[in-house]
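Throughout, read-outs are computed from the coordinates displayed, never taken from laboratory work. The structure displayed is predicted, hence computed values, not measured ones. As a convention, Cβ positions derive from the backbone with ideal geometry for all residues, glycine included, and neighbour counts pool all protein chains shown.
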Amino acid sequence: MCFLPDAEQRAFAQSLDTMLGKAGTPAVARDWSRGERTGGRALWARIAEAGVFALAVPQAHGGLGPRPVEVALAFVELGRHAVPGPLVETVAAAALLTGAGPAERFLADLASGGSMATLAVEGAYAVDGDAAALRLVLGADGLRLSPGHGPVRSSLDPARRLTRLLPGGQLLVPRPPVERALSWARLATAAQALGVGLALLERTVAYVGQRVQFGVPVGSFQAVKHRLADARIALEFARPLVLGAAVTMSAADVAAAKAAACEAAYTTARAALQLHGAIGYTAEYDLSLWLTKARALRTAWGSPDDCRAEVLRGRP
C-alpha cells in the first residue's frame, strides 16, 4: 500500500500552504480568541473556496467527497498555520448529516463554507459554539439541532472557545453513524496535530540556529540536536500512520494515527518550549499559538489512552 500523495494531492497541499502563508493567521487566531470574527470568517470563506470542507461532503449533496486523504492533507496545512475555528467539528458534522431526511439541507452550506458547524456529546463542551451557525448535540436518542449555547469558557488553547450547547432542539438523525463521525473527527485532529508539530519543529530549528551562547549557535550543541532529532523522528513516524488511516478509515487505524500524531506534536511542543527558553512562555510570542494547540488537540476527540484502547479492540 502506498501512502505517498500523488502530484495532484501535493499541488493541492502546496496551494493551501501558499494561501495560508499570506493570510496572517497568527493575527487572525489572536482576534478569534478575543471573539473578533471578521478575519476568521474571511479566512474560512477562502478555505472553503479552496474546497477543503467540500472534501468531507458527498458529491450527491453538493460536495467533492468523501475524500479522506485530501482532508488529511488539508488539515496538516491548517495545523501548520494555526487556523482557528471549528474545523474538525465541521468535518464530523458532515459525516453525521449524510443520511436522508431533514439533515440533508445543511450539507450544501457546509461544503460551500456558508456556515460553520460545531458538535458535542450532550453535556460536554463544544468548540466555538458562539461562532457556529449550526450547533449539533449528540444525545441518547440521536443527533439534534441545538437551539443555542451557554456562556463561553476558556480553554487550554485560547483560540478554541468552549461553550455548552442547549438541548431540546429538532431531531435530525435518529440513529446517527457515530463511529463514522468519530473516525473523521479523529483523522482531522490527527492531521491538524501533525501540522502543528511540524510548525513547532520548523520554528524551533530556525530559532536555535540564530540564538547564540558561548559564541556559537545553540543549535550546534549535541543535546539540542538530540531533542530536535527525537521530535523529527516522532513526527515522521506519525505521518504514514495519518495517511494510512485516511486510506483505510478503519476505527483502529484512525485511533492509532491520532495517538501517534498528537503525542508527537506534544513531544515537539515540550522540546520547543524548552529550547526557546523564557521567551517560549510568553503568550505574546507567536509560538504560543502552536504550543497551546498541541496540548488541546492531544485530548480532543479521545485521549491517548482512549485511542490506544480502540487500537487494542480492533486487533484480530
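Key figures
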| quantity | calculated |
| --- | --- |
| Overall form of segment 163-207 per C-alpha gyration tensor (a/c, 1.5; a/b vs b/c) | oblate |
| Cα-centred dipole magnitude for segment 7-176, charges only on beta-carbon of K, R (+1) and D, E (-1), debye, nearest 20 | 280 debye |
| Two-site label geometry, Gln274 and Ala223: point separation in nm, points 7 Å out along Cα→Cβ | 0.8 nm |
| Centre separation in Å (Cα based) which lies between segment 190-211 and segment 1-73 | 20 Å |
| Volume per residue of the C-alpha convex hull in segment 179-313, rounded to whole Å³ | 93 Å³ |
| Descending semi-axes in whole angstrom, ellipsoid equivalent of segment 205-264, from the Cα gyration tensor | 35, 9, 7 |
| D (Stokes-Einstein, µm²/s), Kirkwood Cα radius, the chain, 0.692 mPa s at 37 °C | 166 µm²/s |
| 0 to 90° range, to nearest 10: angle between helix 38-49 axis and the chain longest Cα axis | 80 degrees |
| Given the chain, longest segment not containing exposed loop chymotrypsin sites (Phe, Trp or Tyr not before Pro) (DSSP; at most 15 other Cβ within 10 Å) | 4-213 |
| DSSP loop trypsin sites (Lys or Arg not before Pro) with at most 12 other Cβ within 10 Å excluded, longest remaining stretch of the chain | 35-316 |
| Cα-based helix-to-principal-axis angle, 304-313 vs the chain, degrees rounded to 10 | 60 degrees |
| Given the chain, longest segment not containing exposed loop GluC sites (Glu not before Pro) (DSSP; at most 12 other Cβ within 10 Å) | 37-283 |
| Peptides 167-174, 107-114 ordered by average Cβ neighbours within 10 Å, highest first | 107-114, 167-174 |
| Mean separation of Cα contacts under 8 Å (6+ apart) over length of the chain, as relative contact order % | 17 percent |
| Helix axis angle, 68-80 relative to the chain longest principal axis, alpha carbon, degrees | 50 degrees |
| Helix-only mean residue ellipticity at 222 nm for the chain, each DSSP H run of n ≥ 4 adding -39500 (n - 2.57), per residue, nearest 500 | -18000 deg cm²/dmol |
| Principal axes of segment 7-176: Cα extent on each, largest first, Å | 43, 37, 21 |
